């Protein structure tokens, strides 16, 4: 409305519209420009790298295989464990996703103040207790789901979770040289607060299948609990057999590529005018000692030092040592 004068009636109408919340839309400078908003989810941290997440998941898959075999023999019933989900959350969100009717087990590592947490749904623990006592299992747990655990139940639950953590410790120690131990059991998840609520945490969900019953185990790994050994999950020192096979296949494929190999006595840079002025009989100083031999190049990369010579009626070189440019 720049340059226009409003009449008293127009001003009065504008005031009345403002009182009723019916202001006119001023779409001048901002017309056609859309407001851009980006949603930031602070419950999804990225502290763990993708390589660390992948290697931890692979370690848990190994744990599932070994623990399934060990516990199936001890319980005298097939027990299958499988990693079904891996997500990176804050400790508070990861802790809230653990089923309420679960038995929590604090997992300790030497010289690390922050502990990990493994939880098992109550029906799985009750089934394991029944089988350890020689029973047929708790089935779907419908008749025992709400019963309180006695001291004997807690002792057998500790025995069951001790076996799980022992198998996890074997896999963990193979990668990090750190042995895990059980710090304690708790039925009330709200008291199992082992890390700040905002601590980046890797939450791994494991399905436990026993006959027709399915339960879940949850393993919560706060980053501060694995920080001293986090590099073990991102270094290439612990290359698996699968990785070694892939590396060998790549090396074998690359090994068939043909490459020009040349022997160079020495080299010197000259201006073009001096190169064009060279005549037969001219002496070109290379500024290299004659007893230093020649350099063997693979394409443009210096690989070895060598001595010139003959092999029958052909020129040849004898490799003496490697150069600093060898990869």
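The values are calculated or read from the model by the stated rules, or taken from the named source; none is laboratory data. Keep in mind it's a predicted model, so treat the numbers as computed, not measured. FYI the Cβ positions are ideal-geometry reconstructions off the backbone, even for glycines, and counts take in every protein chain you see.
Side notes on the structure shown:
- Among residues of the stretch 67-80 that are touching a residue at least 12 places away in the same chain (Cβ under 8 Å), those with a Cβ under 6 angstrom from a residue that is part of a loop (DSSP other than H, G, I, E, B) and surrounded by 15 or more Cβ atoms within 10 Å (Cβ to Cβ), sequence gap 6+ or separate chain, pair up as 68/79; 71/79.
- Within the stretch 307-324, tally of residues that are over 48 Å from the mean Cα position of the chain (by Cα) and part of a strand (DSSP E or B): 9
- Verdict on residue 89 being assigned to a strand (DSSP E or B), modelled with pLDDT of 60 or more and closer than 27 Å to residue 233 by Cα: yes
- Residue 299 vs. criteria out of contact with any strand residue (DSSP E or B) (no Cβ under 6 Å at 6 or more places or on another chain) and over 22 Å from residue 259 (Cβ atoms): no
- The single condition from (1) at pLDDT below 90; (2) farther than 15 Å from residue 107 by Cα that residue 194 fails is (2).
- Residue in the stretch 127-148 that is surrounded by 20 or more Cβ atoms within 10 Å (Cβ to Cβ) and under 18 Å from residue 219 (Cβ atoms) present: yes
- Pair list, Cβ < 6 Å and 6+ apart or interchain, from the stretch 265-277 residues that are under 13 Å from residue 288 (Cα atoms) to residues that are not in a helix (DSSP H, G or I): 265/294; 266/286; 266/288; 268/286
- Against the conditions (1) loosely packed, with under 10 Cβ neighbours inside 10 Å; (2) within 25 Å of the chain's Cα centre (by Cα); (3) modelled with pLDDT of 85 or more, residue 224 satisfies every one except (1).
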